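The values are calculated or read from the model by the stated rules, or taken from the named source; none is laboratory data. The shown structure was predicted, so the numbers you read here are calculated from the model rather than taken from an experiment. Using ideal geometry, Cβ is built from the backbone for each residue, glycine included, and neighbour counts are taken over all protein chains shown. Just the protein is used for accessible areas: all its heavy atoms, side chains included, with ligands, DNA and RNA removed. Shrake-Rupley method; radii C 1.70, N 1.55, O 1.52, S 1.80 Å.
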Amino acid sequence: LFIGAAIIGAAAIIALKPYVASRFATYLHAWENPYSGGYQQVNTMIAIGSGGLFGVGGGEGNLDTIAAADTDLVFGFIVEEWGLIIGLCCVAILILFTLYAIKRAGMTRSVYYSIAAAAASGMFLFQAALNIFGSTDLLPLTGVTLPLISNGGSSIMASMGMLAFIKAAGLGGDVE
């Protein structure tokens, strides 16, 4: 029943929103259409490559001319201006946060809080993976923001809400 609903939902989204189908058509073929469907991913991958290990310097990157570079493609923005080392540090911080939250999940006030806090921290990691892998064409570009880094009020508010929930679940300090 759920698989059938998912297939019907996917077909409806593709029929009602044709740009979603074009994003999936561009997936893994960004270099074949660098001036149309793959424009954002190609420019992001070029920016990541031009940043090197240490980057070109803050405010010196060229990715800011691409639409939504400060929200959807922020990983490429970071790597171009600050370098691959800083980009990988951002990824490592999100992974370490998720591992810390999952490790401490057994110390929460109840099983519900334990599961919900682990799921919230997993959402951070999943959202980061969608952003990073989408901008580098390893996954279809979804337009998902990088948690706590991307520009945008609603993304920051949602991320801070998840952090507040994790803290309220008891992961941030001693549990009574």
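Ordered by 1.4 Å accessible area with all protein chains kept, ILE78, ILE156 run largest first as ILE156, ILE78. For the chain, the alpha-carbon radius of gyration amounts to 1.17 times the rule-of-thumb value 2.2 N^0.38 Å expected for a compact globular protein.
Between the C-alpha center of the stretch 2-53 and that of the stretch 113-176 there is a gap of 22 Å.
For the stretch 69-157, the residue among GLY76, SER121, LEU94 whose Cα projects farthest onto the positive side of the dipole built from Cβ charges is SER121.
Note on SER22 and SER50: the model spin-label points, each 7 Å out from Cα along the C-beta direction, lie 2.4 nm apart. All distinct Cα pairs of the stretch 1-74 go into the 1/r average, and the inverse of that average, the Kirkwood radius, is 14.5 Å.
Normalising the average separation of contacting C-alpha pairs (under 8 angstrom, six or more residues apart) by the number of residues puts the relative contact order of the stretch 1-138 at 22 percent.
Estimated from helical segments only, the mean residue ellipticity of the chain at 222 nm is -20000 deg cm²/dmol, where each DSSP H run of four or more residues counts as -39500 (n - 2.57). Using θ = phi - 60° in the Karplus curve 6.51 cos²θ - 1.76 cosθ + 1.60, the 3J(HN,Hα) couplings for the stretch 120-137 round to 5, 5, x, 5, 4, 5, 5, 5, 5, 5, 4, 5, 5, 6, x, 6, 9, 6 Hz; x is entered for Gly and Pro. Annotation: peptides 104-113, 82-91, 17-26, ranked by per-residue average of other Cβ atoms within 10 Å with the highest first, follow the order 82-91, 104-113, 17-26. Across the stretch 72-136, the mean sequence separation of Cα contacts (distance under 8 Å, 6 or more residues apart), normalised by length, yields a relative contact order of 42 percent. Sequence-ordered 3J(HN,Hα) estimates for the stretch 28-45 from the Karplus curve with 6.51, -1.76 and 1.60 and θ = phi - 60° stand at 6, 10, 5, 6, 7, 10, x, 9, 10, x, x, 4, 5, 5, 4, 5, 5, 5 Hz, glycine and proline given as x.
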